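Just so you know, all these numbers are worked out from the coordinates, no wet-lab data involved. In this text, all values refer to a predicted model and were calculated from it rather than measured experimentally. When we count neighbours, we look across all protein chains shown, and the Cβ atoms used for this are built from the backbone with ideal geometry, even at glycine.
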Amino acid sequence: MIPTENALLKTIPASRFLYVKTFGCQMNEYDSLRVQRILHCQGYALTSDMASADIIFLNTCSVREKAEQKVHSFLGRLRHMKAQRPELKIVVGGCVAQQLGRQLLERFEHLDLVLGTRGIAAIGELLEAIQETKHRLAHLPDEEAPRHSYEQHLTPVPGTVAVTAPVTIMQGCDNYCTYCIVPYVRGRERSRPVEEILREIQALTASGVREILLLGQNVNSYGRGLDEKTGFVDLLHRIQTETEVGRLRFTTSHPKDLTADLIQCFADLPCLCKRLHLPVQAGSDSVLSRMNRGYTAAQYVEKILALRQACPDMAVSADVMVGFPGETEDDFRKTLQLLEAVQFDNLFSFRYSDRPYAKSSEFPDKVDAQTKGRRLSELQHLQAGITLLKNQMEVGSIREILVEGPSHAANGQLSGRTSQNRVVNFDGSKGLIGQTIYVKIVAAFSHSLKGEAGLQRGNA
Ligand code: SAH
Ligand code: SF4
Ligand code: F3S
């Protein structure tokens, strides 16, 4: 009889250790979890101590220049460790691996294996191969390579089950925003079959996961190219009716593909959390057009209004960048005006940087570093005030939170999140982890709220 994956997970005792360092977006977090699951089946347990690891796996991000630099400096620091312990295997995956491929092996002679973004599933076999042959390898399957199945590694590693788990529903991106490297390193958009996604969610909830985060660079266009005619809205409905998920979130959505049907889901689907991350990038139409975003600032604001009308309790966050080539002071002011108009609950803001393959790296009128810095701090100052005010408006309200674990402040408190994704810290016993409870919000800070528990239980 072929043992099931569950049986394997229980029977193989860990004798070797894996250290994972993940840079970049949640899609990399998801791939890192898959690497843990695959290598767990080969007897590797996760360690937080790099010095005792047999394998170091770096999952890398290339979206901004600074993100890529972090990877290079991290790799540089591993040189010494490899010299002292030649049997240590160092593996680099993710978007920098895809971008640089063999060049990484040439530049860092202490690297053993480079895995492109479509090569993660092969990590187990390739590690065995390099251990046997002592050869260093770069594995970069191209777009035409058969789509790897996720079926084999759907079950979380026992003992590592968190309250929230990510599930990638699509890979790649076809949008080609002019500043962005993602379509080149993650390839064309490809959706996972619905049944496979449902099975993964079922496996996760059966293991104790309460909240699922659906991932993709543009989840709204989910389903294009699948045999079965299922769009993103259908997928959300099927998750609501066919799984046990308590809470559902998704990221990222593209404003041009945010339909009225999807907006309605926030009002109709009880499991869907009332929070939307909708990157806007800029408030000036001329910048948005040169970015190839496919909407105007007014159209963006209209979608936010429609969202708030359908669901008044909705929280909205976005990504925005400053210093896109040709961004004038007037363009930048329009971004500030948009922030004032929309009043985002939270914002992620970046300095533009040129990226390989991205069209905008050839655009004229680059904005100098000093101007970018000044614009970024002005924008962040404005948003910090809005975020704090929005948090303060929560004080006195009673909110339902899903309790996730100990607070990051390590002060003995527990931490959970509201449907709107606000972090609430409170005093409570560990038995509450994984439960949905009501808390009264008693204080507000820049990045979190303070709550008081002891109220009646919710049952999400
Ligand atoms: N798919 C998402 C986000 C992808 S990358 C979307 O469509 O918005 C995450 C964020 O990084 C982007 O939203 C953008 O704000 C930022 N980003 C991407 N390329 C960048 C670049 N070249 N310079 C600075 N920021 C960039
Ligand atoms: Fe990049 Fe645009 Fe695709 Fe987002 S939608 S990943 S910003 S190309
Ligand atoms: Fe970075 Fe790749 Fe994600 S470039 S943002 S890790 S898709």
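Taken about its Cα centre, the chain carries a charge dipole of roughly 860 debye when the Cβ of each Lys and Arg holds +1 and the Cβ of each Asp and Glu holds -1.
Extending 7 Å from the Cα toward the beta-carbon at both His72 and Ser289 defines two label points whose distance is 3.6 nm. Using the alpha-carbon centroid of each, what span in Å lies between segment 400-460 and segment 29-57? What the calculation gives is 30 Å, centre to centre.
In terms of other Cβ atoms within 10 Å, Ser446, Ser361 run from fewest to most in the order Ser446, Ser361. The overall shape of segment 164-226 is prolate: from the C-alpha gyration tensor, with semi-axes ordered a ≥ b ≥ c, the ratio a/c is 1.5 or greater and a/b exceeds b/c. With a ≥ b ≥ c the root eigenvalues of the C-alpha gyration tensor of segment 151-392, is it rounded (a/c under 1.5), prolate (a/b larger than b/c) or oblate? Judged from the Cα gyration tensor, segment 151-392 comes out prolate (a/c at least 1.5, a/b above b/c). In this simple spin-label approximation, Asp427 and Asn411 carry label points 7 Å from Cα along the Cα→Cβ vector, and these lie 1.2 nm apart.
FRET efficiency for the pair Lys229 and Ala310, taken as 1/(1 + (r/R0)^6) with r the Cβ-Cβ distance and R0 = 30 Å, rounds to 0.75. When only the Cβ of Lys, Arg, Asp and Glu is charged (+1, +1, -1, -1), the dipole of segment 6-139 relative to its Cα centre reaches about 200 debye.
Checking Cβ-Cβ separations below 4.7 Å across the chain identifies Cys25, Cys41, Cys61, Cys95, Cys173, Cys265, Cys271, Cys273, Cys311 as cysteines lacking any candidate disulfide partner.
Test of understanding: ordering Cys95, Cys180 by Cβ neighbours within 10 Å, fewest first, what list do you get? Arranged by neighbour count, lowest to highest, Cys95, Cys180 become Cys180, Cys95. The phi torsions of segment 390-398, fed into the Karplus equation with coefficients 6.51, -1.76 and 1.60 and a -60° offset, translate into couplings of 4, 5, 4, 5, 7, 4, x, 8, 10 Hz, rounded to whole numbers, with Gly and Pro shown as x. Computed from the C-beta positions of Leu382 and Gln84, the FRET efficiency with R₀ = 41 Å rounds to 0.25.
Return the subset of Lys274/Lys450; Lys303/Lys390; Lys256/Lys366; Lys229/Lys256 for which the Cα-Cα distance in this structure is over 30 Å, preserving the input order. Violating the 30 Å limit, Cα to Cα: no pairs. Going from the residue with the fewest nearby Cβ atoms within 10 Å to the one with the most, Thr241, Thr418, Thr335, Thr252 rank Thr241, Thr252, Thr418, Thr335. Between Gln69, Gln299, Val35, the Cα set farthest toward the positive side of the dipole of the chain (charges on each charged residue's Cβ, about the Cα centre) is that of Gln69. Set the Förster radius R0 to 35 Å, insert the Cβ-Cβ distance between Ala51 and Gln202 as r into 1/(1 + (r/R0)^6), and round the FRET efficiency to 0.05. The calculated FRET efficiency here is 0.35. Global dimensions of the chain from alpha-carbon coordinates: Rg and Dmax equal 22.6, 69 Å. Note that segment 30-38 has calculated 3J(HN,Hα) couplings of 5, 4, 5, 5, 5, 4, 4, 5, 5 Hz, one per residue in order, obtained from phi through the Karplus relation 6.51 cos²θ - 1.76 cosθ + 1.60 (θ = phi - 60°); glycine and proline are x.
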